[in-house]
1. Search segment 8-23 for residues being in contact with a helix residue (DSSP H, G or I) (Cβ under 9 Å, 6 or more places away or on another chain) and farther than 13 Å from Ile115 by Cα, and hand back the single one that is most open to solvent (accessible area, probe 1.4 Å).
2. Out of Ser103, Ser165, Ser132, Ser169, I need the residue that is open to solvent by 10 Å² or more (accessible area, probe 1.4 Å), part of a strand (DSSP E or B) and among the hydroxyl-bearing types (Ser, Thr, Tyr). Which one?
3. Out of all the residues in segment 155-183, which are among the hydroxyl-bearing types (Ser, Thr, Tyr) and under 15 Å from Thr137 (Cα atoms)?
4. Under 9 Å between Cβ atoms, which residue pairs at least 6 apart in sequence (or on different chains) link something in segment 34-51 that is in contact (Cβ under 8 Å) with a residue 40 or more places away in the chain with a partner that is open to solvent by 70 Å² or more (accessible area, probe 1.4 Å) and charged (D, E, K, R)?
5. Among the listed residues Gly86, Gly93, Gly113, which satisfies the condition of being surrounded by fewer than 24 Cβ atoms within 10 Å (Cβ to Cβ) and either of a type in the set (S, T, N, Q) or touching a Cys at 6+ places or on another chain (Cβ under 9 Å) (or both)?
6. Which condition does Arg78 not pass, out of (1) closer than 23 Å to Ile124 by Cα; (2) under 31 Å from the mean Cα position of the chain (by Cα), if it passes all the others?
7. Assess whether Met70 counts as being at pLDDT below 95 and either under 22 Å from Ala112 (Cα atoms) or open to solvent by less than 20 Å² (accessible area, probe 1.4 Å) (or both).
8. Filter segment 15-72 down to the residues that are of a type in the set (A, V, I, L, M, F, W, C), touching a Lys or Arg at 6+ places or on another chain (Cβ under 9 Å) and part of a loop (DSSP other than H, G, I, E, B) and list them by number.
Amino acid sequence: MHKYIVTANEKLTATTQLLTLQASQPAEAFDHEPGQYATISFKRKYRPTPARCFSIVTAPEETGKLQFCMRNRGRFTRAVTDLKPGDPVAVRGPFGGFIIEPSHAAKIVLLAGGIGITPFMSMIRHAAFTQSTTDITLIYSCPNQQDMPFFEELIKLERTNPHFSVVFSISAGPIDRLNQERIYSGRIGAELLEAVIAGTFNDRTFFICGPPGFMKGLSAMLADKAVDDRQIVTEAFSQGPNRQTGEMRDWPFNMYALAAVGVVLGSFIIMLSDLLKTLPPILKSNSAQAAAAAQVNNNRQANLDALVNNLPPNPSSSSTITPNPPTTTAAAATPAPVCTTSQSGVTTCR
């Protein structure tokens with residue numbers, strides 16, 4: 001986190017605000033590439049606000065200074081309008097890959113829709129500071145001629161930089177404020193593109209920034225002109241997380257997405273680990289109960305076997321059977337005679 005303080009907070013148009021910050025100390029300043037963005041947050045009524053993403057308007061050469069331009073809509077941007085010089089602001093960044101790379105074509109076309117002009121201001125200012133020879137053409141689509149942030153500055157930069165030109169496209173209403181030839185009424189279309197870039201498409205790199213419908217329509221139009229996907233770099237501008245497509249990808253956003261996936265996977269692993277820690281005791285408990293039941297059964301069987309073995313032998317179940325002797329009917333015995341002898345010596349038997 002970098003510590004900045006508010007040095008200016010002004011209204012550019014009826015719907016846009018320009019916030020200017022300065023690093024509280026030289027060590028707090030950070031370098032950025034033209035076209036990148038940062039997050040800002042601050043305290044409101046002693047409570048910190050959530051961080052929001054905004055494209056950096058200033059060029060890298062404006063050391064220690066940062067500018068952010070935003071639409072006055074939503075609770076956060078309304079809170080920004082209340083900031084006063086000297087108020088502290090926390091800045092994190094820079095982020096994003098919406099930048100001009102050395103591998104891009106020597107001719108650059110910037111297609112801006114409304115507040116999507118903000119990242120292009122950093123590129124155009126940087127080209128002026130460095131006296132770049134890159135051919136840069138800006139086609140700036142605005143809802144009306146009164147709602148055109150940086151209009152005067154763009155005219156001045158066109159006059160001072162021979163390699164930069166700007167074309168305005170006004171969606172609705174009069175165009176009398178723009179007293180020059182390169183003004184078009186209506187939305188950006190194929191006819192306007194062909195007129196501005198003289199019908200040559202394949203030797204240029206196209207950067208598109210604006211509302212989703214604006215970006216989608218122009219991307220399809222360029223595809224119809226057989227422009228290679230690698231020559232189209234787009235960024236869906238929102239006063240929140242920026243989403244970028246095309247050749248260059250927003251690596252911080254990808255890192256955040258990977259971090260989110262990591263958190264989900266980590267949570268799943270922790271949950272699975274806790275589940276595995278819970279299951280073994282249950283299994284062990286069930287195993288112990290089964291073992292105890294088996295032991296009881298074994299003990300009962302052993303006791304039963306012992307009881308049976310200790311029973312006395314049962315005669316009816318003896319293996320040796322002694323047959324009863326045969327029954328015979330005996331003949332009636334004749335009683336023995338009873339003999340008596342008298343005193344005279346005579347023996348009488350009967």
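The values are calculated or read from the model by the stated rules, or taken from the named source; none is laboratory data. The model shown is predicted, which means the values in this text are computed figures rather than measured ones. All Cβ positions, glycine included, derive from the backbone under ideal geometry; neighbour counts span all protein chains shown. Quick note on the areas: whole protein, heavy atoms, side chains included, nothing else; ligands and nucleic acids left out. Shrake-Rupley method; radii C 1.70, N 1.55, O 1.52, S 1.80 Å.
1. Asn9
2. Just a single option satisfies the conditions, and that option is Ser165.
3. Answer for segment 155-183, where residues must be among the hydroxyl-bearing types (Ser, Thr, Tyr) and under 15 Å from Thr137 (Cα atoms): Thr160, Ser165, Ser169.
4. The qualifying pairs are Ala38/Arg92; Thr39/Arg52; Thr39/Arg92; Ile40/Arg52; Ile40/Arg92; Ser41/Arg52; Ser41/Arg92; Ala51/Arg92.
5. Gly93
6. Here Arg78 clears every test but (1).
7. Spelling it out, Met70 is indeed at pLDDT below 95 and either under 22 Å from Ala112 (Cα atoms) or open to solvent by less than 20 Å² (accessible area, probe 1.4 Å) (or both).
8. Ala29, Ala51, Val57, Ala59
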